[in-house]
Structure formats: C-alpha cells, structure tokens
Amino acid sequence: MSRERLDKILAGAGAGSRSDVKKLIRAGRVTVNGEPALRPEIKADPAVDEIVADGRRIAPEGERWFMLHKPAGVVSAVRDAKEKTVLDLIAPGDRRGLFPVGRLDKDTTGLLLLTDDGALAHRLLSPRRHVDKIYLVRCREEIPPETAGRFLEGLDIGDEKKTLPAVLEDIQGNTCRVTLREGRYHQVKRMFAAVGNEVTGLHRLAMGGLFLDEDLKPGTARRLTPEELAQLRQAAGPRDDADGPEEAAEFETEESTEADVEE
Ligand code: URA
C-alpha cells in the first residue's frame, strides 16, 4: 500500500467517519511511529508505519482479522442475492476486502473468522495443515459411548477417503464435543449421519487454538488481539509453496467448490 492521508487511513480502518477521525487526530489521540500526529493531511503507510489510535494499532490492509459470533440464520458468504450474510454483521467501515475463513452452515452458530489476509486464511483452511476445529454438538438421539471409537477410526461419509481421526468427548446424553482436523462440506452432520444419528444443533467453539470470546454476543464481532493473531499464525504453520495459490478471491463467493473451504 502506498502513502495516504492519515484521516483516510483511519476512516478506511473503521476508526470512525472522516470528520470523526479528524477530531481524533487534532485531539492528539493518534501517533505515527510513536510521535503524536496532529494533522489529518500527514501521509503515512500502514504497512510500514506504526499507526496507533487510542492505543489500538491500525492493522494494514491484508492483515485485518475479526472474530464473529455467528448467529443462526445468516450465510457464510461475502454477498448473497437473498440471504443475510456474515459480512452484514460487520460495521460498514470495516467491511472492505473481508471474507469469511471457511464456512459454517446457515444454522450453525459460533466462531467464524473474517479477514482480508488471503495467505494466512489459505494456510488455516489447507487440508494439508490439519488445523483443529472444536464443535459442540446436539443430536436427535442419545450418543452411545462407542461412537467415540468410530469417530477415532475414521468414517466413510461418501467421499473418496475416510475422515481423519476425530475426537468425540464429553458425551452427556445427546450432546458432546467434537474436534476435527479437517473441514469437509457439512462434515460433522455427515459423520453423525454415518453412525445413524442426526445433528440438531451445532456450535463452533474454537479454530486453530483460538476460542470464541464468551463475552461476544451472537451477531457481534471484534478485532483479534495481536496475541490471538499470533496464535493463529502458529496453528497455521509457516508459508510453504506446496500450499498453492493464495489469492483471497478464491474465498469470495458462496459458489466456490474448493472442498477445503467448505466446512
Ligand atoms: N460441520 C457441519 O456439518 N456444518 C458446519 O457448519 C460445520 C461443520
């Protein structure tokens, strides 16, 4: 990104409207590389300069990350002709360039990450990386204890390959917790269908070691902290050319057929 006016950068990063951020700057609440920046027309580059507004680092484009508590009834897409999407739940000033990191079904709730960082998103979703996802599951029927063994062995859910070992624990009647190391289309629902049960409620608790913030109400989102982002980077592992192309565009539409972005 090239150098731009400070007020434009801050407004684009969701710090407020253009006139709000001008007031913020003139009030001395913004620093660039540690120095107070008091004029909105000062030029800076968020990819190079450390811009801080009210103590919060302004993430450069391509490195913005949000945690959403997805409610039921919205689709995991950037746009949709008929349905409300997860992007509609992000403040308009923050939406530019964001896409969901994989998908949750319309009726699934819980942790969904949104970002404009195609490279890291791609690594988190790569079927080669085995990034953990933890779900709370409610089923129509009681879950017999032997289901845990079947999940661990891997199940034939109608794909070319059996599922990877999945950990099913904390069984209480018809609820349990499941940890997957892959993200196939409708995977949890298809795994329970394969053992003769039916998922009636699904909530994602965690992805890549990052847990849904319990204070985040359904339908609300917040930025990831630097520590949370570091956790995700660690879970995704280093860049590796064998991961293939890393364009954000491949995540952008609901029509994408990439098996690894459909969960
Ligand atoms: N597995 C499913 O079946 N649905 C989801 O939304 C996520 C995982």
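Provide a single number: the residues in the range 59-87 that are open to solvent by less than 10 Å² (accessible area, probe 1.4 Å), in contact (Cβ under 8 Å) with a residue 24 or more places away in the chain and of a type in the set (Val, Ile, Thr).
Count: 2.
How about the range 141-157: which of its residues are part of a helix (DSSP H, G or I) and either more than 14 Å from Asn197 (Cα to Cα) or open to solvent by 100 Å² or more (accessible area, probe 1.4 Å) (or both)?
Going through the range 141-157, the residues part of a helix (DSSP H, G or I) turn out to be 146-153.
Listed by number, the residues that qualify are Glu146, Gly149, Arg150, Leu152, Glu153.
Kindly establish whether Ala166 is outside the structural domain of Leu232 (by TED's automatic domain parsing) and open to solvent by less than 10 Å² (accessible area, probe 1.4 Å).
In short, yes.
For Lys133, all conditions in the list (1) modelled with pLDDT of 95 or more; (2) open to solvent by 20 Å² or more (accessible area, probe 1.4 Å); (3) not polar (S, T, N, Q) hold save one; what is the number of the exception?
(2)
Just give me the residues in the range 161-183 being within 11 Å of the ligand (Cβ to nearest atom) and in a strand (DSSP E or B), in sequence order.
Scanning the range 161-183 gives Val178, Leu180.
Kindly provide the set of residues from the range 84-108 that are part of a loop (DSSP other than H, G, I, E, B), more than 15 Å from the ligand (Cβ to nearest atom) and either more than 12 Å from Ala13 (Cα to Cα) or not basic (Lys, Arg) (or both), ordered by number.
Lys84, Ile90, Ala91, Gly97, Leu98
Could you please tell me which pairs satisfy a Cβ distance under 7 Å, a separation of 6+ or placement on different chains, a first residue in the range 203-216 that is touching a residue at least 60 places away in the same chain (Cβ under 8 Å), and a second residue that is aliphatic (A, V, I, L, M) and in a loop (DSSP other than H, G, I, E, B)?
Every condition considered, the pairs that remain are Arg204/Leu104; Leu205/Leu212; Ala206/Leu212; Met207/Val131; Gly208/Val131.
Quick one: what pairs do we get from the range 109-121, first residue over 15 Å from Leu224 (Cα atoms), second open to solvent by 10 Å² or more (accessible area, probe 1.4 Å) and part of a strand (DSSP E or B), C-beta under 6 Å, 6+ apart or different chains?
Thr109/His203; Gly110/His203
Select, from His186, His203, the only residue that is within 15 Å of the ligand (Cβ to nearest atom), closer than 19 Å to Arg103 by Cα and touching a strand residue (DSSP E or B) at 6+ places or on another chain (Cβ under 6 Å).
Details: His186 fails: touching a strand residue (DSSP E or B) at 6+ places or on another chain (Cβ under 6 Å).
Criteria check complete, one pass: His203.
For the range 66-83, which positions are aliphatic (A, V, I, L, M) and in a loop (DSSP other than H, G, I, E, B)?
Result: Ala72, Val74, Ala77, Val78, Ala81.
Name the single residue that is nearest to Ala121 (Cα to Cα) among those in the range 189-199 being surrounded by 15 or more Cβ atoms within 10 Å (Cβ to Cβ) and more than 11 Å from the ligand (Cβ to nearest atom).
As a first pass, look at the range 189-199 and keep what is surrounded by 15 or more Cβ atoms within 10 Å (Cβ to Cβ): 189-195, 197, 199.
Then keep just the ones that are more than 11 Å from the ligand (Cβ to nearest atom); that gives 194-195, 197.
Working: Ala194: 30, Val195: 32, Asn197: 32 Å.
Restricting to residues being surrounded by 15 or more Cβ atoms within 10 Å (Cβ to Cβ) and more than 11 Å from the ligand (Cβ to nearest atom), the top hit is Ala194.
The values are calculated or read from the model by the stated rules, or taken from the named source; none is laboratory data. Keep in mind that what you see is a predicted model, and the values were worked out from it rather than measured. As a convention, Cβ positions derive from the backbone with ideal geometry for all residues, glycine included, and neighbour counts pool all protein chains shown. Each accessible area value is taken on the protein alone, full model and side chains, heavy atoms only, with ligands, DNA and RNA left out. Shrake-Rupley method; radii C 1.70, N 1.55, O 1.52, S 1.80 Å.
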